[in-house]
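Worksheet: one structure, shown below.
The values are calculated or read from the model by the stated rules, or taken from the named source; none is laboratory data. If you're wondering where the values come from, they're calculated on a predicted model, not measured in any experiment. Here the Cβ positions follow ideal geometry from the backbone for every residue, glycine too, while neighbour counts run over all protein chains shown. Just so you know, the surface numbers come from the protein's heavy atoms only, side chains and all, with ligands and any DNA or RNA stripped out. Shrake-Rupley method; radii C 1.70, N 1.55, O 1.52, S 1.80 Å.
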Amino acid sequence: MKIIKEFKSKKNNVYLVEDETRVFILKEFRTCENYLREKSHHLLISNSYIKIPKIIEWDDKNCTLLMEYLEGMTALDAIERAEKKEDSSYALSVLKSIFTWLEKFHSIEEIKSNKLSFNDMNFKNFIINSYSREELYGVDFESFEEGNFLSDIGKLIGMYLNYDEKYSEFKKSVKDEFLDFIVTEKYFSRKDLEKSIKDSITEIDNRRFNIT
């Protein structure tokens with residue numbers, strides 16, 4: 001395997017690699033504990049209908065995964081482009097795509113029975129396929145924790161508001177439209193959503209200022 005490029009990652013070493021015919025993602029975990037978490041969580045949801053990259057092979061000895069490469073842009077790139085262009089409809093469509101992915105994630109029996117949440121709402125963990133703006137994949141599964149669909153949506157909105165420019169008028173307007181969609185479709189009440197968002201923002205602020 002030849003390394004083409006290294007991706008920025010705070011948690012692991014992630015590379016784009018190629019052989020004679022294809023390109024892949026090589027993920028080297030800095031701890032084998034995180035490797036085992038990612039592998040077990042991936043296998044837990046791999047037989048579902050949600051879109052995730054395939055594991056090509058795993059190496060328990062070296063704690064590495066070779067994975068399918070997804071051509072496209074991250075949801076973070078997408079929302080940043082949308083804000084620069086003042087395209088609120090596209091920003092809203094990105095949030096709705098992640099919402100739909102999470103809804104399917106939380107419909108998986110193993111996720112429901114174990115009361116798990118996706119948890120890590122970094123927008124880099126969602127890839128929009130180059131060939132279809134409607135097709136979104138979730139990646140990075142080592143951070144599942146106890147939670148539910150509502151807690152994930154609160155974290156999704158909290159993270160969105162905290163990307164630069166934090167709490168911009170553009171973001172607040174898109175957030176309001178997104179909440180209107182969720183409430184109108186009767187997924188959650190506005191009161192429950194607002195509490196979940198508030199809890200998420202508190203958690204983000206605590207991490208930022210190292211409050212324990």
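Structure summary
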{"read-out": "Using θ = phi - 60° and Karplus 6.51 cos²θ - 1.76 cosθ + 1.60, couplings along segment 172-177 (whole Hz; Gly, Pro as x)", "value": "5, 5, 5, 4, 4, 5"}
{"read-out": "Solvent-accessible area per residue for the chain (1.4 angstrom probe, square angstrom)", "value": "57"}
{"read-out": "Contour minus Cα-Cα distance for residue 202 and residue 186 (0.36 nm per residue)", "value": "3.2 nm"}
{"read-out": "Amide N proximity, segment 159-191 versus residue 77 label position 7 Å along Cα-to-Cβ, cut-off under 18 Å", "value": "164"}
{"read-out": "Heavy-atom accessible area order for 63, 32, largest first, 1.4 Å probe", "value": "32, 63"}
{"read-out": "Farthest positive-ward along the chain dipole, Cα basis, beta-carbon charges - from 168, 157, 91", "value": "168"}
{"read-out": "Rounded accessible area of residue 11 (nearest 10 Å², 1.4 Å probe)", "value": "70"}
{"read-out": "Spacing of the two label points (7 Å from each Cα toward its C-beta) at residue 85 and residue 7, in nm", "value": "2.3"}
{"read-out": "Separation between Cα centres of segment 1-76 and segment 94-136, rounded to whole Å", "value": "17"}
{"read-out": "Matching label, Cα extents along the principal axes in Å computed from the structure shown, candidates [x] 52, 39, 31; [y] 58, 40, 27; [z] 50, 39, 37", "value": "[z]"}
{"read-out": "Links that overshoot a 20 Å alpha carbon limit, given the list 27/104; 124/171; 112/195; 84/198; 115/155", "value": "27/104; 112/195; 84/198"}
{"read-out": "Sites matching GluC sites (Glu not before Pro) across segment 1-60 that sit in DSSP coil, with at most 14 neighbouring C-beta atoms within 10 Å", "value": "20"}
{"read-out": "Vicinal HN-Hα couplings computed from phi for segment 114-123 (Karplus, 6.51 cos²θ - 1.76 cosθ + 1.60; Hz; Gly/Pro x)", "value": "9, 6, 9, 10, 5, 6, 7, 8, 4, 5"}
{"read-out": "Estimated inter-spin distance, residue 115 and residue 165, nm [label 7 Å along Cα→Cβ]", "value": "4.2"}
{"read-out": "Of all accessible heavy-atom area on the chain, the percent that carbon and sulfur account for (1.4 Å)", "value": "48"}
{"read-out": "Between helix 75-84 and the chain: long-axis angle, C-alpha atoms, 0 to 90°, nearest 10", "value": "50"}
{"read-out": "Protein-only accessible surface order, largest first, of 1, 67, 159 at 1.4 Å", "value": "1, 159, 67"}
{"read-out": "Longest site-free stretch - the chain; sites: chymotrypsin sites (Phe, Trp or Tyr not before Pro), DSSP loop, at most 13 other Cβ within 10 Å", "value": "50-130"}
